[in-house]
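The values are calculated or read from the model by the stated rules, or taken from the named source; none is laboratory data. What you see is a predicted model; the values in this text were computed from it and never measured. For neighbour counting, all protein chains shown are included, and Cβ atoms are generated from backbone atoms with ideal geometry for every residue, glycine included. When the accessible area is computed, the model is the full protein with side chains, heavy atoms only, and any ligands, DNA or RNA have been set aside. Shrake-Rupley method; radii C 1.70, N 1.55, O 1.52, S 1.80 Å.
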Amino acid sequence: MENKGISKAVIKRLPRYYRYLGELMNEGVERISSHDLSERMHVTASQIRQDLNHFGGFGQQGYGYNVAYLYEEIAKILGIDQKHNIIIIGAGNLGQAIANYTNFEKRGFIIKGMFDVNPRLVGMTIRGIPVYALEELEEIIRREEVQIAALTIPKMRAEEVAEKLVAYGIRAIWNFAHTDLHLPDDVVVENVHLSESLMRLSYKLVHMDSVSGEMLL
Ligand code: NAI
């Protein structure tokens with residue numbers, strides 16, 4: 001599947017389409033019009049048509065979208081039609097919460113191990129996932145063909161650990177540490193900051209007109 005020319009904004013919306021299409025498949029729905037999909041997703045039908053037109057071939061007048069086909073095509077674009085091996089650096093509260101969440105595996109993200117500097121954590125298993133010492137990082141990355149590392153360590157340590165990960169072949173970092181990482185251009189970083197999301201929620205709360213429900217700013 002060719003994805004040249006698809007804007008970042010569309011790519012950002014694809015996981016949501018994927019989720020809704022998955023739900024439709026579970027309900028046994030084989031095809032859906034942009035109008036019906038728009039009602040479910042609370043976005044305009046024209047937005048849906050514009051977004052999904054990038055993938056061509058489906059969404060015909062009078063037929064709607066073939067749900068299973070679209071679901072598979074979006075999976076290909078997102079690269080989740082294949083498995084990705086993951087490690088988690090930092091086996092504390094957040095690292096363990098991620099390890100305990102089973103849905104990532106259902107999406108093809110396989111957690112191969114966790115790493116920590118705390119000797120009390122090393123040697124433990126979290127939902128069957130071993131916690132290794134940092135010294136074993138290189139060997140495990142190479143042996144398990146790890147592609148993605150989640151960083152759930154304090155921010156002071158994040159940059160140095162990220163550099164090590166890159167030196168050992170990691171090309172994708174799921175960064176939860178509250179710091180911006182400065183890494184080579186061929187390394188992709190996805191920052192996840194719950195507190196920033198909470199601040200955006202606070203903004204909306206504070207600037208929402210309580211009568212009309214519209215944003216004031
Ligand atoms: P925690 O203190 O429970 O766990 C951190 C773990 O990292 C500890 O087990 C510690 O031994 C380990 N660690 C420290 N230095 C390390 C290193 N160089 N290599 C490997 N392991 C190392 O903390 P928690 O609550 O799990 O948070 C972890 C990080 O994630 C913090 O920086 C926190 O600010 C951040 N965080 C980010 C969120 C987000 O939305 N992005 C949400 C919650 C926490």
Worksheet item: Any idea which residue in region 88-97 is nearest to the ligand (Cβ to nearest atom), counting only those that are buried (at least 23 other Cβ atoms within 10 Å of the Cβ) and not small (Gly, Ala, Ser)?
Response: Ile89
Worksheet item: Out of curiosity, is Val161 among the β-branched types (Val, Ile, Thr), out of contact with any Asp or Glu (no Cβ under 8 Å at 6 or more places or on another chain), in a helix (DSSP H, G or I) and more than 14 Å from the ligand (Cβ to nearest atom)?
Response: no
Fill in: Scan of region 171-193 for residues that are surrounded by 14 or more Cβ atoms within 10 Å (Cβ to Cβ), more than 16 Å from the ligand (Cβ to nearest atom) and within 21 Å of Gly95 (Cα to Cα), ordered by number
Arg171, Ala172
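Are any of the residues in region 61-81 part of a strand (DSSP E or B) and of a type in the set (Gly, Ala, Ser)? Explain how you work it out, then say what you get.
Narrowing region 61-81 to residues part of a strand (DSSP E or B): 64-66.
Adding the requirement that they be of a type in the set (Gly, Ala, Ser) leaves 64.
Within region 61-81, one or more residues are part of a strand (DSSP E or B) and of a type in the set (Gly, Ala, Ser).
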Practice prompt. Mind listing whichever residues of region 98-112 are among the small types (Gly, Ala, Ser) and crowded, with 19+ Cβ neighbours inside 10 Å?
Written response: Ala99
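Within region 19-37, can you find the residues that are in a helix (DSSP H, G or I), open to solvent by less than 80 Å² (accessible area, probe 1.4 Å) and modelled with pLDDT of 95 or more? If you could, list the steps in order and put the result at the bottom.
In the first step, residues of region 19-37 are kept if they are in a helix (DSSP H, G or I); the result is 19-26, 34-37.
With open to solvent by less than 80 Å² (accessible area, probe 1.4 Å) added as a condition, the list becomes 20-25, 34, 36-37.
Residues satisfying the conditions are Tyr20, Leu21, Gly22, Glu23, Leu24, Met25.
Taking Ile77, is it open to solvent by less than 60 Å² (accessible area, probe 1.4 Å) and touching a strand residue (DSSP E or B) at 6+ places or on another chain (Cβ under 7 Å)? Step through it out loud before you land on a result.
On the way: open to solvent by less than 60 Å² (accessible area, probe 1.4 Å): yes; touching a strand residue (DSSP E or B) at 6+ places or on another chain (Cβ under 7 Å): no.
No.
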Practice prompt. Determine whether Met156 is touching a helix residue (DSSP H, G or I) at 6+ places or on another chain (Cβ under 7 Å), within 12 Å of the ligand (Cβ to nearest atom) and either over 19 Å from His84 (Cα atoms) or not β-branched (Val, Ile, Thr) (or both).
Written response: no
Worksheet item: With respect to the numbered conditions (1) in contact with a helix residue (DSSP H, G or I) (Cβ under 6 Å, 6 or more places away or on another chain); (2) open to solvent by 80 Å² or more (accessible area, probe 1.4 Å); (3) under 17 Å from Met114 (Cβ atoms), which one is the sole condition not fulfilled by Tyr168?
Response: (2)
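Restricting the search to region 194-217, which residues are outside any helix (DSSP H, G or I) and either touching a helix residue (DSSP H, G or I) at 6+ places or on another chain (Cβ under 9 Å) or loosely packed, with under 11 Cβ neighbours inside 10 Å (or both)?
Of all residues in region 194-217, those outside any helix (DSSP H, G or I) come to 208-217.
Within region 194-217, Asp209, Ser210, Val211, Ser212, Gly213, Glu214, Met215, Leu216, Leu217 meet the criteria.
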Response to the item:
Restricting attention to region 113-138, the residues that are within 13 Å of Ile88 (Cβ to Cβ) and either of a type in the set (Phe, Trp, Tyr) or crowded, with 18+ Cβ neighbours inside 10 Å (or both) number exactly 10
Worksheet item: Does region 92-108 contain at least one residue that is on the phi > 0 side of the Ramachandran plot, of a type outside the set (Asp, Glu) and touching a residue at least 12 places away in the same chain (Cβ under 8 Å)?
Response: yes
